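Reviewing the structure listed below.
The values are calculated or read from the model by the stated rules, or taken from the named source; none is laboratory data. Everything numeric here is computed off the predicted structure, so don't read it as measured data. When we count neighbours, we look across all protein chains shown, and the Cβ atoms used for this are built from the backbone with ideal geometry, even at glycine. For the accessible areas, the whole protein counts, side chains as well, though only heavy atoms, and no ligand, DNA or RNA atoms are used. Shrake-Rupley method; radii C 1.70, N 1.55, O 1.52, S 1.80 Å.
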Amino acid sequence: LVHIESWAVDLAWDAVARFAGLGLPREFFGDFALVAEDECRHFTLLEQRLREIGSHYGAFPSHDGLWDSASETAHDLRARLAVEHCVHEARGLDVLPQTIERFRANGDAATAALLQDVVYQE
């Protein structure tokens, strides 16, 4: 999850840089800056939780599916928004309740609470 938050930060700023020349309102890109800030907060909290349990960011294998999709949609803002938000983020939110329950069932109430109160609020 912390890796996904890291990519979310990168993708928010990538959207600002990559699509700034499309003539969209400044507020559109301002919203991406706010998204990046929120995703940074999520990343920081999850990374801190990893350290609390004796680990660190990068200790576990992860995949780059989110960035792969971003690369495939680099030419098209509409495609990027659809894939990033309607596919990846939606899938993550769909499985998050089960993930939270797994942490609870395995005795990690602190991580379950973090996911429930911070990340799931997205």
Starting with the highest mean, order 73-84, 22-33, 6-17 by the number of other Cβ atoms within 10 Å, averaged over the residues of each peptide.
-> 6-17, 73-84, 22-33
What is the ratio of the Cα radius of gyration of the chain to 2.2 N^0.38 Å, where N is its residue count, to two decimals?
-> 1.13
Could you grab the relative contact order for the chain? Cα pairs under 8 Å, six or more apart, rounded to a whole percent.
-> 24 percent
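Please report the carbon-and-sulfur percent of the accessible area for the chain; probe 1.4 Å, protein heavy atoms only, DNA, RNA and ligands left out. Could the numbers behind the result be given before it?
On the way: 4260 of 7550 Å².
C and S fraction of accessible area: 56 percent.
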Once you sort the root eigenvalues of the Cα gyration tensor of segment 22-69 as a ≥ b ≥ c, which label holds: rounded (a/c under 1.5), prolate (a/b larger than b/c) or oblate (the other case)?
-> oblate
For HIS88, HIS42, give the ranking by accessible area with the largest first, probe 1.4 Å.
-> HIS88, HIS42
Go through ASP38, ASP117 and list them by solvent-accessible area, largest first, probe radius 1.4 Å.
-> ASP117, ASP38
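Over the chain, give the accessible area per residue in Å² for a 1.4 Å probe, as an integer. It would help to have the intermediate numbers written out before the result.
Numbers: 7550 Å² over 122 residues.
On a per-residue basis, 62 Å².
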Any chance you could run the full-extension gain for CYS86 through GLU52? It's 0.36 nm times the residue separation minus the Cα-Cα distance, nm to one decimal.
-> 9.0 nm
